[in-house]
1. Could you please let me know if S97 is closer than 30 Å to N211 by Cα, part of a loop (DSSP other than H, G, I, E, B) and among the polar types (S, T, N, Q)?
2. Could you check, for the stretch 22-44, whether at least one of its residues is more than 30 Å from G181 (Cα to Cα), at pLDDT 95 or above and not basic (K, R)?
3. Taking D232, is it under 29 Å from D64 (Cα atoms), modelled with pLDDT of 95 or more, exposed (fewer than 13 other Cβ atoms within 10 Å of the Cβ) and more than 23 Å from the chain's Cα centre (by Cα)?
4. Looking at this structure, is A146 of a type outside the set (S, T, N, Q), within 26 Å of T94 (Cβ to Cβ) and touching an Asp or Glu at 6+ places or on another chain (Cβ under 6 Å)?
5. Please pick out the residue among S268, S262, S273 that is at pLDDT below 95, closer than 30 Å to R42 by Cα and open to solvent by less than 40 Å² (accessible area, probe 1.4 Å).
6. Please find, within the stretch 123-135, the residue that is farthest from E176 (Cα to Cα) out of those that are at pLDDT below 95 and surrounded by fewer than 16 Cβ atoms within 10 Å (Cβ to Cβ).
7. How many residues are open to solvent by 10 Å² or more (accessible area, probe 1.4 Å), in contact (Cβ under 8 Å) with a residue 24 or more places away in the chain, aliphatic (A, V, I, L, M) and more than 24 Å from L259 (Cβ to Cβ) when one looks only at the stretch 85-109?
Amino acid sequence: MRVEQLGDGDPELAVVGGVHGDEPCGVRAIERLLDDDPDVERPVKCIVVNEKALERGVRYVDSDLNRSFTPDTPADAHERQLAQELAAEVQGMTVFSIHSTQSHADPFAVSDGRAAHVQRIVPRLSVVALVDTQDFGDGRLFAADADIVEVEAGLQGSETAAENAYTLAREFLTVEGALPGDAVERELPAFTMGDPIPKPAADEYEVFAENFSFVEAGDPVAAADGEVIRADRDFYPVLLSPYGYANQFGYHGQKQDSLGQSPSGANSTSVNSRPSAQ
């Protein structure tokens with residue numbers, strides 16, 4: 001695990017990439033930030049996590065790192081040790097963890113929408129939606145003693161995802177007062193994660209529904225070897241893709257109240273007025 005820092009002092013902010021070795025966009029964003037070496041107003045820890053998996057171009061070595069923050073992970077697994085080291089590195093910090101996906105080309109956040117730091121940060125990022133993890137944090141980085149915001153920057157392995165990751169990282173640092181500027185709040189759709197959409201065994205898969213777009217019961221959602229699978233209920237697909245998961249297409253989601261609706265009517269926050277992280 002590679003750990004570097006922008007600025008002097010004890011950092012309360014961290015940007016994390018390379019949790020999965022087949023998602024290099026966050027690593028590239030961190031490398032660009034380090035090359036830029038900006039004059040940050042708050043110090044920032046930059047962490048490239050699973051270097052061994054990145055070198056091999058695989059998602060993980062022994063265990064999915066983003067499911068390894070639990071005692072259930074075998075003690076001798078490479079990712080179990082990494083999870084412990086990463087949790088120690090980010091303890092008490094506000095953390096921006098960058099991923100990529102096979103489900104949606106535009107960036108979106110995947111975080112606990114009930115958390116105050118998520119409500120503060122996510123509506124000020126250039127994402128199209130929030131997928132509210134709620135009770136889906138078991139074994140993930142969310143289990144660390146830190147305030148975590150996780151984003152999917154774009155399609156896995158794409159140049160666009162790498163560009164998005166860099167933009168999002170700078171936006172996060174602006175929101176949190178490490179970089180100068182104003183962070184504009186906007187209304188952002190939010191979706192819960194429900195139960196999985198089962199995927200039967202087959203050689204070829206297709207998806208017909210679009211993530212975050214309403215699907216009515218009976219509509220075609222996907223196909224397995226040409227056999228159409230229809231919705232058994234009304235829902236909004238989240239993390240839907242033909243090959244992103246082994247045993248499911250994605251999740252049945254439901255739309256919830258939007259984020260970023262400021263009761264006062266204010267729609268921007270100057271970084272100079274941002275409180276320091278606790």
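The values are calculated or read from the model by the stated rules, or taken from the named source; none is laboratory data. Keep in mind it's a predicted model, so treat the numbers as computed, not measured. Counting neighbours? That spans all protein chains shown, and the Cβs are built from the backbone with ideal geometry, glycine included. Side chains included, ligands, DNA and RNA excluded: accessible areas come from the protein's heavy atoms. Shrake-Rupley method; radii C 1.70, N 1.55, O 1.52, S 1.80 Å.
1. Judged against the criteria, S97 is not a match.
2. Our first condition is that a residue be more than 30 Å from G181 (Cα to Cα); within the stretch 22-44, this holds for 22.
Narrowing further to those that are at pLDDT 95 or above: 22.
Going one step further and asking which of them are not basic (K, R), we end up with 22.
Checking the stretch 22-44: at least one residue is more than 30 Å from G181 (Cα to Cα), at pLDDT 95 or above and not basic (K, R).
3. Working: under 29 Å from D64 (Cα atoms): no; modelled with pLDDT of 95 or more: yes; exposed (fewer than 13 other Cβ atoms within 10 Å of the Cβ): yes; more than 23 Å from the chain's Cα centre (by Cα): yes.
So D232 fails the test.
4. It is false that A146 is of a type outside the set (S, T, N, Q), within 26 Å of T94 (Cβ to Cβ) and touching an Asp or Glu at 6+ places or on another chain (Cβ under 6 Å).
5. Selected residue: S262, the only one of S268, S262, S273 that is at pLDDT below 95, closer than 30 Å to R42 by Cα and open to solvent by less than 40 Å² (accessible area, probe 1.4 Å).
6. Top of the filtered list is D135.
7. Total meeting the criteria: 1.
Okay, residues lined up against (1) touching a Leu at 6+ places or on another chain (Cβ under 9 Å); (2) among the small types (G, A, S):
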{"residue": "V149", "(1), (2)": "yes, no"}
{"residue": "G154", "(1), (2)": "no, yes"}
{"residue": "A162", "(1), (2)": "no, yes"}
{"residue": "R170", "(1), (2)": "yes, no"}
{"residue": "T174", "(1), (2)": "no, no"}
{"residue": "A178", "(1), (2)": "yes, yes"}
{"residue": "A183", "(1), (2)": "yes, yes"}
{"residue": "F191", "(1), (2)": "yes, no"}
